[in-house]
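Visitor: The structure is given below, and queries will be raised subsequently.
The values are calculated or read from the model by the stated rules, or taken from the named source; none is laboratory data. Just so it is clear, the structure is predicted and the values come from calculations on it, not from any experiment. Heads up, the Cβs are rebuilt from the backbone with ideal geometry, glycines too, and the neighbour counts pull from every protein chain shown.
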Amino acid sequence: MNNVTVPTYDQVSPANQAIFDSMKKKFGFVPNLFATFAHSETALATYLALNNSRSSLSPKAREVIYLVVSQVNNCAYCLAAHTAVGGMLGYTPDQILEIRGGGVSFDPRLDALARLVRNIALGRGHADPALVQAFFAVGWTEGNLVDAIVAVGDKMISNFLHSTTLIPVDFPAAPPLNR
């Protein structure tokens, strides 16, 4: 375990306290990972602006990206959080496990997205041109591609923060992925 703590309400700036208040109203609590961003005067607001930004991708498509990237990065925190969110968005537990594995047999468009995103994350941004073409072949656009890459970056940030800090996971643990 690293020596990074989760800051309390009284330990963060007034601007971050206001964000904590908003999160408590929305979620009922401040997730530890978001609180950890508040060690910085600006990182929490900056990250939330990125995370909540408009996108050409649906929430369900973005969730596919978050699950795939979190699995590639083996981020226990984000896998737990996005397993919960994926369920709230209507994915079944079996579908969530399949998505985490990088494929989506129940939806060809989401399958092309998952396969491409997994390849991008594993290749550190160097995508297989055949997967890019397969992505376009099922109806995704160039704008969708850019938004998918932004979502990959969003998730990489939170994955890296947890992997570096190892702050406690405050969501039910994601089940293991048996490949």
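Visitor: What are the pairs, 6+ residues apart or on separate chains, where a residue within the range 11-30 that is assigned by TED's automatic domain parsing to the domain that holds THR42 and free of Cβ contacts under 8 Å to residues at least 60 places away in the same chain has its Cβ under 6 Å from a residue that is of a type in the set (Asp, Glu) and surrounded by fewer than 16 Cβ atoms within 10 Å (Cβ to Cβ)?
Guide: Hits for this filter: SER13/GLU41.
Visitor: I'm trying to understand the selection: among the residues of the range 1-21, which are in a loop (DSSP other than H, G, I, E, B) and under 7 Å from ALA38 (Cβ atoms)?
Guide: Within the range 1-21, PRO7, VAL12 qualify.
Visitor: Let me ask something else. Any idea which of ASP111, ASP147, ASP154 is at pLDDT 95 or above and over 16 Å from the mean Cα position of the chain (by Cα)?
Guide: ASP111
Visitor: Of the conditions (1) surrounded by 15 or more Cβ atoms within 10 Å (Cβ to Cβ); (2) touching a residue at least 60 places away in the same chain (Cβ under 8 Å), VAL4 clears all except one; give me its number.
Guide: Every condition holds for VAL4 apart from (1).
Visitor: Okay, moving on. Any residue at all in the range 56-64 that is over 30 Å from VAL132 (Cβ atoms) and assigned to a helix (DSSP H, G or I)?
Guide: Checked the range 56-64: no residue is over 30 Å from VAL132 (Cβ atoms) and assigned to a helix (DSSP H, G or I).
Yes/no matrix, rows are residues, columns are (1) hydroxyl-bearing (Ser, Thr, Tyr); (2) more than 12 Å from the chain's Cα centre (by Cα); (3) at pLDDT 95 or above:
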| position | (1), (2), (3) |
| --- | --- |
| TYR9 | yes, yes, yes |
| ILE19 | no, yes, yes |
| PHE27 | no, yes, no |
| LEU67 | no, no, yes |
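Visitor: Can you find a residue that is farther than 16 Å from PHE160 by Cα, touching a Ser or Thr at 6+ places or on another chain (Cβ under 8 Å) and surrounded by fewer than 14 Cβ atoms within 10 Å (Cβ to Cβ) anywhere in the range 36-53?
Guide: yes
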